[in-house]
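The values are calculated or read from the model by the stated rules, or taken from the named source; none is laboratory data. Predicted, not measured: the structure shown is a model, and the values here were computed from it. All Cβ positions, glycine included, derive from the backbone under ideal geometry; neighbour counts span all protein chains shown.
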Amino acid sequence: MKTLSVEQTPDKIGETVELFGWIDSKRDHKKIVFIDLRDRTGTVQVVGGEDFKELSTEDVIWIKGLVKKRPEKLINSKLKTGTIEIEAKEVKILNKTKPLPIPVNTDGLEIDEEVRLKYRYLDLRRPRMYKNLALRSKFIDLIRQYLFKQGFLEIETPILSETTPEGARDFIVPSRLQPGKFYALPQSPQQYKQLLMIAGVEKYFQIARCFRDEDPRADRAYGEFTQLDLEMSFVEREDVMNLIESMVIDVYEKLKIPIQKKPFPVFTYQEAIKKFDADKFDLRTEEEKKKNIQAFAWVVDFPFFEKTDTGGWTFTHNPFSAPLPKFMNDLLNKKNVEKILTSQYDLVCNGYEVGGGSIRNHTPKGLKAVFEIMGLKEEEINLKFGHMIEALGYGAPPHGGIAPGLDRLLTCITGEPSLREVIAYPMTSGGRTSVMKAPSTVKEEKLKELGIKIK
Ligand code: ASP
């Protein structure tokens, strides 16, 4: 097993060490050959002789060698290991590489993205990409630590499920056991998390994968994304906002990422539209943008409903939301619909909506009224949401939640040009998976089993 990483070598001066890694570069000076050996922690210079001749960049090797202090004038202060070099005693090629289809010693942004994603396992060898993956892992670790300290339970919810509306198209999966029927992949765990509140869990979170079949857009990850999904019982709007704000501040402080204003400024939807002509906006100065400062803000008091093309009503954010308390009577009586404000709160950062949530309708009649205003017939409501309306009738506690998007937050933190730079295996903009060739065709007999015919 590998026990020593490259970044630890400066502590081993005078010792013989064993290292594993890839050849980042090679300089052949006839009698002596220099290589830079790379692992996930960095690179270190290794000096060898004849036996280094057969090595090529990106071969994966093992070496045994003596760690030596470099003479003063050869110290490379730009490198973590720049004070030492390793005099190789033995070298073994563990696997010789073919020439790589893409360079991995650049930042990669100059390469066609389709090609990068086809060879994602090579693309991820770049130190920049490894750094992003490591940051993502740390970020999630700090979020978990914070929420566990606050008494939250982490609970998984199903992926094969019923449709849950978040305003996008569903991905559907055919059922073999019940031909002609389909599962939908969750657009979010919204309904399951609310049901956990009815179950008495009180504080739930999940690093949740959500699936939305939206038209590809440059600033979105197509298909699936990850959010911190969270729900709490016996809370009001400000409680959820305060919890998330404190969590963000705690996590960002630990990662040493500067936040522009604490507490986060709060704008009503009306104020935001008047001031920025949008409900997401960038509060940073040009100087702050250069320093990569994160500018958070909340937006509240959104209209609950908006007109549809056909003159009816639809929800603006989330059909499971409660209105602000003073509009509850209007909702129940389906009056002054255009004036009803929702309890929705959106979190904005650096010009993006990075999360949103609300206090929910915890009575059957409240939720039913939302669907009635949207023009759904009794039968349709019962068919699609009967389970929720029934469940709310069994002593559902008042509850609310939120779901910050992790891909987007990490894109803001890293200043990367796209969400795809902080996701290990994102889809291409055309909706194809990295490396593997999904979506792909399926054998005739498999389709038969599912009772499906392709037209
Ligand atoms: N379910 C919502 C979403 O995924 C977030 C929430 O209200 O908790 O956008």
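Values computed for the structure shown
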item	result
Residue satisfying all of: in region 81-98; touching a residue at least 40 places away in the same chain (Cβ under 8 Å) and touching a Lys or Arg at 6+ places or on another chain (Cβ under 9 Å); surrounded by the most Cβ atoms within 10 Å (Cβ to Cβ) among these	I86
R120 at pLDDT 95 or above, closer than 19 Å to E58 by Cβ, within 19 Å of the chain's Cα centre (by Cα) and not acidic (D, E)	yes
Criterion: part of a strand (DSSP E or B), modelled with pLDDT of 95 or more, small (G, A, S) and within 16 Å of the ligand (Cβ to nearest atom) - qualifying residue of G357, G366	G357
Set K78, K30, K73: member being without any contact (Cβ under 8 Å) to a residue 12 or more places away in the chain and either on the phi > 0 side of the Ramachandran plot or crowded, with 20+ Cβ neighbours inside 10 Å (or both)	K30
Residue count, region 309-336 (criterion: closer than 25 Å to V266 by Cβ, of a type in the set (A, V, I, L, M, F, W, C) and part of a helix (DSSP H, G or I))	3
Number of the condition not met by R136 [criteria: (1) charged (D, E, K, R); (2) buried (at least 17 other Cβ atoms within 10 Å of the Cβ); (3) within 16 Å of the ligand (Cβ to nearest atom)]	(3)
Filtered residues of region 111-126 (kept if farther than 22 Å from R408 by Cβ and touching a residue at least 40 places away in the same chain (Cβ under 8 Å))	E114, K118, Y119, Y121, R125
Of residues in region 213-255 being within 14 Å of the chain's Cα centre (by Cα) and among the charged types (D, E, K, R), the one modelled with the highest pLDDT	D229
Candidate set from region 375-391 (those that are more than 14 Å from T363 (Cβ to Cβ) and among the acidic types (D, E)); member that is nearest to the chain's Cα centre (by Cα)	E380
Every residue from region 152-203 that is free of Cβ contacts under 8 Å to residues at least 40 places away in the same chain, of a type in the set (S, T, N, Q) and within 16 Å of the ligand (Cβ to nearest atom)	S161, T164, Q187
Checking L117 against (1) surrounded by fewer than 17 Cβ atoms within 10 Å (Cβ to Cβ); (2) closer than 30 Å to Y222 by Cβ, the condition it does not meet	(1)
Pairs with Cβ under 9 Å, 6+ apart, first in region 223-237 and at negative phi, second aromatic (F, W, Y) and away from the ligand (no atom under 13 Å from the Cβ)	E224/F171; L230/F152; M232/F152
Condition check for V67: modelled with pLDDT of 95 or more, of a type outside the set (F, W, Y) and crowded, with 17+ Cβ neighbours inside 10 Å	yes
Odd one out for Y394, checked against (1) of a type in the set (F, W, Y); (2) in contact with a Phe, Trp or Tyr (Cβ under 7 Å, 6 or more places away or on another chain); (3) in contact (Cβ under 8 Å) with a residue 60 or more places away in the chain	(2)
Some residue of region 369-382 being among the polar types (S, T, N, Q) and under 28 Å from K280 (Cβ atoms)	no
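One line per residue, one yes/no per condition, for (1) of a type outside the set (K, R); (2) within 30 Å of L410 (Cα to Cα):
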| residue | (1), (2) |
| --- | --- |
| E306 | yes, no |
| G311 | yes, no |
| H317 | yes, yes |
| S321 | yes, yes |
| K326 | no, no |
| N329 | yes, no |
| D346 | yes, yes |
| A369 | yes, no |
